[in-house]
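Notes to accompany the following structure.
The values are calculated or read from the model by the stated rules, or taken from the named source; none is laboratory data. Values in this document were obtained by computation on a predicted structure and should not be read as measured data. Backbone-built Cβ (ideal geometry, glycine too); neighbour counts: all protein chains shown. For accessibility, only protein heavy atoms count, side chains too; no ligands or nucleic acids. Shrake-Rupley method; radii C 1.70, N 1.55, O 1.52, S 1.80 Å.
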Amino acid sequence: MRYYLFLLPLMTVLYTQAQQNGQQLTLKQCYQLAKQGNTLVQQAQRSLQAREYTLQAENRLYYPKVDLLAGYNYLGKPLEINLQQVKDGVVNGSSAQSVNTANTVFQQVTGQPLPQSVKDVIYNATKGIINTFYPDYNPELTKQSYFTAALALRQPIYLGGKIAAAQQLARTQVAAGQFNQQVVEKGLYFAISAQYLRILYLNTIMAHEEVIVEAFKKNRDYATSLKDNQILPPYLLNWARVAYVQATNRYSNLGLEKENALLEMNNLLGQPLETPIFIDDTLQYELKPVTETGQLEQLRNNPTYRLVENKTDLANVGLKASRSLALPNIFAIGSLNLYQKDLPVTIPPWLIGVEMQWNLFDGFQKFKRTKASKMLVEEAQLAAANTKTTLELRLRIAMNKMKALQNDVASLDSARQQAHTTTTLVTDRMQNQLSSVKDVNDALLQEEEMQKIYYTAVMGYYLALAEYWNVIGTPEQFATYVDR
């Protein structure tokens, strides 16, 4: 992993140097640059790393928890023994105890109990003495403040499946982060593929537009010579000049459009907008056969579908966690006394024990949470079914578009060839004074338009092919059709 992280910036430098040297940037290289530089991909990567750290934290829930507990307490007044409240009980009880003791001794000596009159005398005398010497205040037990410190240990023994549910939830979240990263990357790669095809399309149209502009220039020059020889009326020469200027403007606008496309490509790649990019290849049509067998099974490997399935797993884990709330928690506990000062009681140096926590009534909150979790499971299952249907729809639409565009490309190829033949014939006829300059201009415009329509259909075919592989495959599989 360390070496991989080292190679990423190295590859970026190599790609940049290659671009500066004028080397063609392939579609696969665009994918690799975007994976390293695009902020959306980096955001998905950070989200995945955060989920992985959360999983590592949840896997340590079974470890014991050791806390340092320290506290300072200040009382409104010192703790006291309320002797006045228990005075009657102490006096009467002590007097009765004195009578009972005297009676026991007298009975052991004489064999007879004390007379009642004697008992009354002893009782009253004792009561009078105790009343005389009994404190008339409440003594303090402690000072007004005290400080304690201890180490407390808490080890979970049984939590009703709560720890297992938390760990399973964290694992499912990691899987969700992985699928989310794949979804982000595929969406970005599809956008890059479409932009790359757009640049190839512009390169192709500009190459043909150069030929068309040159043809308009020749037609203008020929019209000028005819006008100088007073063979051609001036208004036809003006027509040829206007047609040439318009063709030049169209070519210049295509150059600006390509510049904008390169700026947008830099933005998708996560590079500075002024970074030079060299994509000078052209768009060439080549029939790409696709298979229809096993497509529905391949849909299950689509990260969008797997991400929605993962939501069902998350909902099921949430249901387990909700049910586990109704079960008790059992902990092993321990405490080691470190320090105490001015405490009214003496704490033992250590203690151990077992503690159980079981909520018996919470106003039916657990019942409602469990019911809500069941609804979320059903909602996730419906979302998975809807996503599968949507992917099947996208797949069938992409395949039908490919078939339709194959037919369009075939017919448009014949039409553009016929338009080029017509332009050649009309130009030859003009040189033989059998057609006008305007006829040549119209033929050139028709040929120019047919070229644009043809390559627009070609680009549409490749976009449909990109959508096909975006649904059931990987962007790299589509890039093999584009990179040559």
Does Gln155 count as of a type outside the set (Ser, Thr, Tyr), assigned to a helix (DSSP H, G or I) and open to solvent by 40 Å² or more (accessible area, probe 1.4 Å)?
no
May I ask you to list pairs of residues, at least six apart or on different chains, whose Cβ atoms are under 9 Å apart, with the first in segment 69-82 being at pLDDT below 85 and the second being acidic (Asp, Glu) and open to solvent by 70 Å² or more (accessible area, probe 1.4 Å)?
Lys77/Glu140; Pro78/Glu140; Leu79/Glu140; Glu80/Glu140; Ile81/Glu140
Can you say whether Pro135 is touching a residue at least 40 places away in the same chain (Cβ under 8 Å), more than 30 Å from Leu61 (Cα to Cα) and not aromatic (Phe, Trp, Tyr), as far as the supplied structure shows?
yes
Apart from one, (1) open to solvent by 40 Å² or more (accessible area, probe 1.4 Å); (2) outside any helix (DSSP H, G or I) all hold for Ala149; the odd one out is (1)
Arg394 being within 30 Å of Asn316 (Cα to Cα) and either in a loop (DSSP other than H, G, I, E, B) or touching a residue at least 12 places away in the same chain (Cβ under 8 Å) (or both):
yes
Residue under question is Thr224, and the condition is that it be under 17 Å from Lys452 (Cα atoms), β-branched (Val, Ile, Thr) and touching a helix residue (DSSP H, G or I) at 6+ places or on another chain (Cβ under 9 Å); does it hold?
no
Those residues that are touching a residue at least 40 places away in the same chain (Cβ under 8 Å) and either open to solvent by less than 70 Å² (accessible area, probe 1.4 Å) or acidic (Asp, Glu) (or both), I need them from segment 415-450; list them, please.
Thr423, Thr427, Met430, Ser436, Val437, Val440, Asn441, Leu444, Glu447, Glu448
The condition of being at pLDDT 90 or above, in contact with a Gly (Cβ under 7 Å, 6 or more places away or on another chain) and either of a type outside the set (Lys, Arg) or open to solvent by less than 70 Å² (accessible area, probe 1.4 Å) (or both) holds, among Leu391, Leu376, Leu405, Leu412, only for Leu405
Residue count, segment 288-304 (criterion: open to solvent by 100 Å² or more (accessible area, probe 1.4 Å) and in a loop (DSSP other than H, G, I, E, B))
5
Quick check, is Ile277 surrounded by fewer than 19 Cβ atoms within 10 Å (Cβ to Cβ), in contact with a helix residue (DSSP H, G or I) (Cβ under 6 Å, 6 or more places away or on another chain), of a type outside the set (S, T, N, Q) and touching a residue at least 40 places away in the same chain (Cβ under 8 Å)?
yes
